[in-house]
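Just so it is clear, none of the values below were taken in a lab; they were calculated from the coordinates. None of the values given here were measured: they were computed from a predicted structure. Cβ coordinates were reconstructed from backbone atoms using ideal geometry, including for glycine residues, and neighbour counts include every protein chain displayed.
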Amino acid sequence: MNRRPALFPCMILCYCPQEKSFLAGPPIENGPNIMEITNEDALFLTFCRGDLSLAEIAAIIQKDGGETKAMAEKFSTEPQRALQLLDDVERPAKSDPRIEIAKQVLYERDSTSKFIDNSDQLHQYHVDKISDAIEQFESRETTISHLYSQTHPALGGIPYGARMANKLCEMGVINKGQSILEIGGGTGYLARDFLQYLKQNQPQVFKHISYVMLELSPVLLESQIDSTRLYSSMISHVLGDAIAMPFSLGSFSIIIANEMIADLPSICIKKVWTDDKGIHEVPEEAVSALRFIADFDIPLDDAFPEFLVNLGAWQLLEHIYHLLAKGGIAIIIEYGSPWRYPIAVSLKDHTEYAIHFGHLEKIAKGVGFEARLEGLADFLSIDLDVPILERVSLTTLNQSLLPHLDINPLPMLAFTPETLEESLGDLYHRLYNLQFRSPKQGGCLGDPSEFYVFTLSKREAYPSRIEERAN
Ligand SMILES: C[S@@+](CC[C@H](N)C(=O)[O-])C[C@H]1O[C@@H](n2cnc3c(N)ncnc32)[C@H](O)[C@@H]1O
């Protein structure tokens, strides 16, 4: 009776004393996982939060110890297993930072040993496999900007795209007459909210800017046209590959690439090739990466004998330098690390590679940029204390409970308790065990802490390095 029952985090209790009560879990074999339970059992389960002992719960619900124990047993064994019984003694959490680092290193090695050059497939994937813009970001690659695409308390009550515009205004980089390029704009929500923010807050500047969206996927391009219809007189949409960059030199004063550079090809390199004196046969696709390594003195002391590099992102950086007008600025946001080599991020139907920002910084400075690397949360002043609904709860709601109640699934958004209540109405007050977690606690849905912002300013005249490389 000293043990403390707690519903598993993936379970949601729907307690309706006047009607039927349910316990919902994550879907089984892609079907909803729902159990109808008695209101007596449901009342007991409302107290199974892990903070009360069975004896304490028995006293609250006015049952004798035997009955309460029987209920706990019923829900902690199959087939109705939904509860765990926590011991009296709290076990200290095992968090040894060395284990985390070792895991990262193993992951890095694993990504390299399983690497298959998929540059062509990745290109083709974007060109003809993406078939529905909303579904793409709701269920295949949910980006931070998608999760925060509605007004959000963590962003000061505005959406992600608006916060980006607000930040660039604060930095004093948006002025009349400028041309902005956004590469890989996904659904187009960022552009829509960016322009809406400028229209409302900087009307004079808004009237005198132009916005270009470059996109590889025809389906996403259509979505971008649709999302930004209100601004059609000032916006143009170009279908094309960022690596080919179909624009002339110095065309833009601001370039934004939000969560797109991990979509560009990565490549596997052998360390021996980097000190090659002509004795190794180097595959053609590696030659360009080896030139970057040599031209920009990319440090490889910490590399394994075989390692991955973000070749596509390196190439894009060079293109961006050419496309920016003098005094221009580029904002590149992506998942990665300042020191970790690219690791595979396996999504439902394609694989992306996290960015080694240390290497990217070396190239940025080498081509002549002033480069600043900072965390996404710092850049956009994201409030890391705001709790966000965890993925387990969103999955159980969308795939088990809401379909059972004939309610439409919720969109993939970073719900706070308040926005979830707004979306679910009265039902919200009947739900127990919803899991919320703030980015500060780590590992929450859309955790911004692994995303970096690279701010690149083009101040200098063409540096000799880039001229040399062009010759
Ligand atoms: C992960 S999505 C990010 C979308 C959006 N920026 C966001 O934050 O939600 C990557 C975007 O880049 C586009 N993209 C990928 N490779 C590209 C390339 N080589 N040239 C242009 N766009 C590309 C994709 O089609 C998609 O719109």
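Worth pointing out:
- Label point 7 Å beyond Cα of Ile134 along Cβ direction - residues of segment 226-251 with amide nitrogen under 19 Å: 226-230
- Here the ratio of the Cα radius of gyration of the chain to 2.2 N^0.38 Å is 1.14.
- Positive-pole candidate from Ile57, Leu239, Met213, dipole of the chain, charges at beta carbon: Met213
- The lysines whose alpha-carbon is closer than 17 Å to the alpha-carbon of Lys167, local same-chain residues fewer than 8 away aside, are Lys176, Lys199.
- Note on Leu86 and Asp301: their simple-model spin labels are 4.6 nm apart, each label 7 Å out from Cα toward Cβ.
- Between segment 159-219 and segment 408-430, the Cα center-to-center distance that results, in Å: 29
- Evaluated over segment 131-170, the Cα radius of gyration and Dmax, each in Å: 11.8, 37
- Charges were assigned to the Cβ only: +1 to each Lys and Arg, -1 to each Asp and Glu. The resulting dipole of segment 113-191 about its Cα centre is roughly 360 debye.
- Working note: Debye formula, equal point scatterers on the alpha-carbon atoms of segment 197-245, no solvent; log10 I(q)/I(0) at q = 0.23, 0.31 Å⁻¹ is -0.85, -1.12.
- Label-to-label distance for Ile61 and Glu222 is 5.2 nm, based on points extended 7 Å past Cα in the beta-carbon direction.
- Across the chain, the mean sequence separation of Cα contacts (distance under 8 Å, 6 or more residues apart), normalised by length, yields a relative contact order of 18 percent.
- Among beta bridges identified by DSSP and lying wholly in segment 190-315, the antiparallel ones come to about 45 percent.
- Mean projection area, nm², convex hull over Cα of segment 97-220: 10.8
- Its Kirkwood hydrodynamic radius, worked out from the mean inverse distance over all distinct Cα pairs, puts segment 326-471 at 18.4 Å.
- Among the trypsin sites (Lys or Arg not before Pro) within segment 98-159, those in coil by DSSP and having at most 15 neighbouring Cβ atoms inside 10 Å are Lys114.
- Inter-centroid distance (Cα atoms) of segment 283-335 relative to segment 56-127, Å: 37
- Separation in nanometres of the label points that stand 7 Å from Cα toward Cβ, at Thr38 and Leu230: 5.5
- Long-range HN-HN contacts of Glu259 with modeled amide H, under 5 Å: Ile333, Glu334
- Projecting the Cα atoms of Ile158, Ile388, Thr142 onto the charge dipole of the chain (Cβ charges, centred on the Cα centre) puts Ile158 farthest toward the positive pole.
- Stretching the chain fully between His319 and Glu170 yields a gain of 51.0 nm (0.36 nm per residue, less the alpha carbon separation).
- The mean of 1/r over all distinct Cα pairs in segment 323-392, once inverted, gives the Kirkwood hydrodynamic radius of 14.8 Å.
- Cα gyration tensor, segment 1-128 - rounded (a/c under 1.5), prolate or oblate: oblate
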